[in-house]
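For reference, the structure is listed below as structure tokens.
Please treat every number below as a calculation from the coordinates, not as lab data. Remember, it's a predicted structure, so these values are computed and weren't measured experimentally. Positions of Cβ are backbone-derived with ideal geometry, glycine not excepted, and every protein chain shown enters the neighbour counts.
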Amino acid sequence: MSYGKALRLSEFIDPEDGRSVIVEIDQGLMLGPITGIVDLEETVRELRSEADAIVLSPGQAGRLIHHFRGKMAPALLVRADWANVFRNETFVLPARKVRHITVASAKDAIALGASAIIAFFFVGWEDDEDEARNMGSVAMLAGESNRLGVPLLVECVPIGERITEVNYAKCVDLAMRMSVEAGADAIAAPYTGNIESFRRIVDAAKVPVFVLDTDKVTPGLFKVVTEALEAGASGVVVGRGVFQAAEPVKTLKELRNVVHKKA
Amino acid sequence: MSSPGKTLRLSKIFNPDDGRAVVVAADHGFMLGTIEGVENLENTLKSVIQGGPDAILVSPGQAARLNYLFHGRKSPALLVRADWTNAFRTKKYTLPLRSIARTAVTSARDAIALGASGIVTYYFIGHGDDEVEARNFELMAMFAKECDKIGLPYIVEPLPMGERVTGANFAKLVATAIRIASEAGADAIKSQYTGDVETFREAVKAAGVPVLILGGAKAKTRRDALEVVIEALEAGAAGVVYGRQTIQAADPAEFVRSVRAVVHEGKSVREAMGAVLRGPVRWHLDPKKCTGCRMCEIACSFSHGQGFTPSKASLRVVFSGLGECEPVTCSLLLFHSPTMLTSLSPSLTYPSHRPLCVEACHWGALTIHPTLGYIQFLEEKCTRCKKCAKACPLVVIPFDEENKIPLICDMCEGTPACVEWCDSEALTIVGQKSEG
């Protein structure tokens, strides 16, 4: 791993306990103004003191940079890609054909002062060409991120009808392993249902693995995070579970206590 | 308006709360070889980092090798020296320069790849050959452009050097170079303090970007160095860059802490130096060494704003009339059993370490420092009753007539002026090394 990558990872993964609480509030890029992030400035202001890192889309990162100033501010993670895969039938304009494109480069992330760039690796594509394209974009990002010393965090997400309860853990493993081999410096993976199977994911990755939970709210969220940490996870990437909670700041604070082992 | 990357990275160097920075330069090895302080740079920097500097400047090679020292949010920001020169290899160094040469050694992009929060280069001005002058400017402009594209802060160090630099035009050259650098795209300047508040204030105004001064390089004592910093801060400086004074200090962490106290905590020099006390200090008096020069009294009165007035000192020299003399200080702070020439005044005896002045004050204006043991005076509680002065059997509490307050020995909060000025070492302190 390059020097810059190691240094930047340490900007949000606490060197003392190797853990991080990453708050994802870039959903506006893919889904418009969903509840909890309508006034994004307000959301950032509320949550910044309890987050180790905040994920923003490139446009918002530039606009909200003042919240990341100073040594103790959270680290900025920039979203590299856009997809319509989360736009289901209940959405105003549901996706008719699944699409996934890159919107920012590692260089863009650096120019914004980011500590890492974050991108999806989806598995379960109907069309194998789409999976190949996703691998291509992750690999390109990895190469660029190597050259610039900005860590690449890949979010492994099984999507579509080919994913079942039976093959879920294996699908997460597939996405995780392919991403690491392509050059990911850290992984965000959804919980596979039990400690054993998630431990297998963490052990095989050999890079920090954060449990990815952008859907669940309490108490499901806390159960998942606690079990994932026991399985060796380095922390959590959380979204709605915080900003759509009844008390977002309190929830984030409690999550922080669990992750960083504070009584 | 700065780019987001520059804004974010600059805020890791300059504290957003006060817009100031304490930076330590440790890139000397790159240009001068192994000088004192850089033999074991890793150890030196570990100590420096304990003092809490905002940023540390190192060469590209060390930025890679010692990268781990910069990990984590609490660590200092990494600044990389992006150019090299032989300009400092004067005659006392091996293979001294025959003509000034310089070269770029890394790019903004490579610095980013190392995790840097900024790069620093020189801007040479004053060369006899205008072609060289133009090339020096061009190098700066190119770095500025690259830094702009990539969101990396660019700190320029104007360096008047060459045949056309004279003593007379030096200050003007510095000011000119600062402005040119700012126009070319520097985000901050690292410059010598002009030595004069007015000219420096003008230079800072003309810069339009934060100006860091090279910390009291010519100062002989730490106290002088910090006085220069305070003056420069008042004139608009945004902080200080210390090099050799830090890495060659006996205790680099302590040095950085005292600089932070001045730059970020608004402490006075006395307070900042006192900030490094680690335990109680006590007087050690050696009457045999006292020459009766009374410099201690003069140093005391002067450093407390009383001019050169021995009668306003919080200690005094007692003469026996038989050619003997000894300094007499507040007995609360004596390290050992006192001696005393009583032939002059038989009633003059040391009380047995009881703070009679503190006991005499009914208003709570006098307290004893809980860990360091010296007497602290709280002006807001003083009623000017003078009971403390009357209670002191050693007669070492004079009165400041202008401010109407007793002048009680406060150990100068850690580095007593009387000790600094006592040439014969009749008066020393135990528990704290004197500053040099």
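Sequence-ordered 3J(HN,Hα) estimates for region B:67-82 from the Karplus curve with 6.51, -1.76 and 1.60 and θ = phi - 60° stand at 3, 4, 5, 9, 7, x, 5, 7, 6, x, 6, 8, 10, 10, 6, 9 Hz, glycine and proline given as x. Distances between placed amide hydrogens fall under 5 Å for B:GLY118 paired with B:VAL80, all partners being 5 or more residues away or on another chain. Of the residues B:THR85, B:THR121, B:THR246, the one that moves most in a GNM of chain B with alpha-carbon contacts below 10 Å is B:THR85. A simple charge model with +1 on the Cβ of Lys and Arg, -1 on the Cβ of Asp and Glu and nothing else charged puts the dipole of the protein assembly as shown at about 1260 debye relative to its Cα centre. Considering only B:GLY321, B:GLN245, B:PRO393, the residue lying farthest towards the positive end of the dipole of chain B is B:PRO393, judged by Cα position with unit charges set on Cβ. 3J(HN,Hα) couplings calculated from phi for region B:86-98 with the Karplus curve 6.51 cos²θ - 1.76 cosθ + 1.60 (θ = phi - 60°) are, in sequence order, 9, 4, 9, 7, 6, 4, 7, 9, 5, 6, x, 5, 9 Hz; Gly and Pro show x.
In terms of other Cβ atoms within 10 Å, A:GLU11, A:GLU254 run from fewest to most in the order A:GLU254, A:GLU11.
Highest GNM mean-square fluctuation among A:SER105, A:SER57, A:SER197, for chain A modelled with Cα contacts below 10 Å: A:SER197. Note on region A:1-150: Kirkwood radius taken over Cα pairs, Stokes-Einstein applied at 4 °C and 1.567 mPa s, translational D equal to 79 µm² s⁻¹. Ordered by the count of other Cβ atoms within 10 Å of each Cβ, fewest first, B:GLU202, B:GLU380 give B:GLU380, B:GLU202. Helix B:222-234 and the longest principal axis of the Cα set of chain B meet at an angle near 60°. Distances between placed amide hydrogens fall under 5 Å for B:ALA25 paired with B:LEU57, B:TYR242, B:GLY243, all partners being 5 or more residues away or on another chain. Pairs of alpha carbons in region A:138-228 separated by more than 18 Å make up 46% of all such pairs. Shown here: region A:46-102, whose C-alpha atoms stretch 44, 22, 17 Å along the first, second and third principal axes, sorted largest to smallest.
Its DSSP H runs of at least 4 residues, each contributing -39,500 (n - 2.57), put the calculated 222 nm mean residue ellipticity of the protein assembly as shown at -10000 deg cm²/dmol, to the nearest 500. Within the protein assembly as shown, the proportion of C-alpha pairs whose separation exceeds 31 Å stands at 63%. Total lysine pairs in region B:4-274 at Cα distances under 21 Å, for residues eight or more apart or on different chains: 19.
For B:ILE213, the residues whose modelled amide H falls within less than 5 Å of its own, excluding neighbours fewer than 5 places apart on the same chain, are B:SER191, B:ALA238, B:GLY239, B:VAL240, B:VAL241. One quarter of the convex hull surface built on the alpha carbon atoms of region A:3-259 amounts to 12.5 nm², the projected area averaged over directions. Build a GNM of chain B with springs between Cα atoms under 10 Å apart, and of B:ALA82, B:ALA116, B:ALA250 the one that fluctuates most is B:ALA250.
Under a straight-distance cross-link criterion of Cα-Cα below 22 Å, which lysines are reachable from B:LYS312, leaving out those fewer than 8 residues away in the same chain? The qualifying lysines are B:LYS381, B:LYS386, B:LYS387, B:LYS390, B:LYS404. Stokes-Einstein diffusion of region B:117-246 at 20 °C, 1.002 mPa s viscosity, Kirkwood radius from Cα pairs, rounded to a whole number: 143 µm²/s. With the biggest extent put first, the Cα atoms of region A:23-78 measure 32, 19, 15 Å across the principal axes.
For region A:140-148, putting each phi into the Karplus relation 6.51 cos²θ - 1.76 cosθ + 1.60 with θ = phi - 60° gives couplings of 4, 4, 4, x, 5, 5, 5, 5, 9 Hz, in residue order, rounded to whole numbers and with x for Gly and Pro.
Could you calculate, for region A:109-148, the ratio of the Cα radius of gyration to the Kirkwood radius, expressed as Rg to Rh? Using only Cα positions, Rg/Rh for region A:109-148 is 1.08. Shape summary: region B:4-274 maps onto an equivalent ellipsoid whose semi-axes, from the alpha-carbon gyration tensor, are 25, 22, 20 Å in decreasing order.
Per-residue Cβ neighbour counts within 10 Å put A:GLU24, A:GLU129 in the sequence A:GLU129, A:GLU24, beginning with the fewest. Straight-line cross-link partners of A:LYS97 among the lysines, defined as a Cα under 29 Å from its Cα and at least 8 positions apart when in the same chain: A:LYS170, A:LYS216. All Cα-Cα distances of region B:158-215, cut into 5 Å bins from zero to the largest, leave 4, 21, 33, 25, 14, 4 percent in each bin in turn. Shielding of peptide B:63-74 by partners, expressed as the average count of other chain Cβ atoms within 10 Å per residue Cβ, is 5.
Calculated over region B:200-265, the projected area of the Cα convex hull averaged across directions stands at 4.3 nm².
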